[in-house]
Every structure is written in C-alpha cells, then in structure tokens.
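Okay, structure first, notes after.
The numbers here are math on the coordinates, done by the rules we state, and not lab data. Worth saying up front: this structure is predicted, and the values here are computed from it rather than measured. Here the Cβ positions follow ideal geometry from the backbone for every residue, glycine too, while neighbour counts run over all protein chains shown.
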Amino acid sequence: MIPELLRPRSHLLVRQTTGAGKTFAVLCTLLSLAIQEHRLLTTKLKHTSAEAFDVQALNTLVVVPNRELALQMGQWASDLLEHAYPQMSRGKLVQWFVSGSEYEIAQRKYLKRHGAPAIVLGTPRALLELTSGRSAVMTATAPRMLQQLDRSQDSEAYVRQLIR
C-alpha cells in the first residue's frame, strides 16, 4: 500500500478490517512525503525553512468521516513528529479540524498562528466551514487529496461540496 501511495497520481482503494493499520500507514506515508519535500526544498533548492513551509502549504487534504478519527490521526501525527522530528514545526506540517465549538476556536487560532500546513486533515463539515463563506480562513487547493469514507450519506454530501 505505501509504495502505491508514494507514486504520483496514484489511485488506491483499500478495504480491510477495522484495526488493521490502514489509517496509520497512510498518515506515516503522508508525513514522510512532507518531510522529504521539506528537505528537498531546504537542501537542494536552498529555501529557508520558512520559505519551504510556505511552498508546502496545503499540499495534502485528508478527509475523514468522523471527529474521533480526525482527533486520533492528529494525536498520532503530533506524537510521531515530537519524537522523530522534534526540530520541525508540527503546526507547519500538519493540522486537524473537527466541528464543535470546544474545538473550533482553538483550531482557528492555531491556523492563524502557524498558517496553512502541508497536511490538513479533518471531517468534511469542518473542512467545508474553513474553506467557504465569509468565515473562510484557507482555500482548498491541495494537489493531493485522500478520503477515508464510511457509509454515511452526510459525509458524501460534504465531500462533494468540498471538492467543487
């Protein structure tokens, strides 16, 4: 699965039982791609770290079906980056967004402080709220988009609006 995810313009459908590690494998691959790209920009192309993060902004959009999964992926990303790459700015690499007033204010403040990260993950509704209307705080222009779907019709409707 991971080699296919690393291939440009690849399409991948994975079906496996819950707990098999699909989501974790995808997250690790995306973090690896973002870190590799950052290194390329800073070493070979001689960008400063800040310039490299600006180039990488909103490179990957990950749409997940529910708040729990978004929060779990966000925690995994934070833990992995803290231990494996403590010098890198987590806020510039990955941020996650879910609906709910207890989360939204903090998420918007974090986004304003760090700017758009390389990887944005969240629920369809939260991502749609961030990218549309008068309260838009970022644009959805990611060249790489992943969806993890459940059987919810609500998720499908929000994803359709998001990718328009």
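Please give the FRET efficiency for Ala57 paired with Ala25, using the beta carbon to beta carbon distance and R0 = 25 Å, rounded to the nearest 0.05. Don't jump to the answer; show the numbers that get you there.
Details: r = 24 Å, r/R0 = 0.98.
Result of the calculation: an efficiency of 0.55.
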Check: So how do 97-104, 83-90, 121-128 stack up, highest first, on mean other-Cβ count within 10 Å?
Finding: 121-128, 97-104, 83-90
Check: Taking the Cα-to-Cβ direction at Glu82 and at Lys112 and moving 7 Å from each Cα, how far apart do the two end points lie in nm?
Finding: 2.5 nm
Note to self: Set the bar at 23 Å for Cα to Cα. Now go through Lys46/Lys92; Lys22/Lys112; Lys44/Lys92 and name every pair that lies beyond it.
What the structure shows: Lys22/Lys112
Margin query: Could you work out how much longer the chain between Thr48 and Asn66 gets when fully extended? Use 0.36 nm per residue separation minus the Cα distance between them, nm to one decimal.
Written below: 2.9 nm
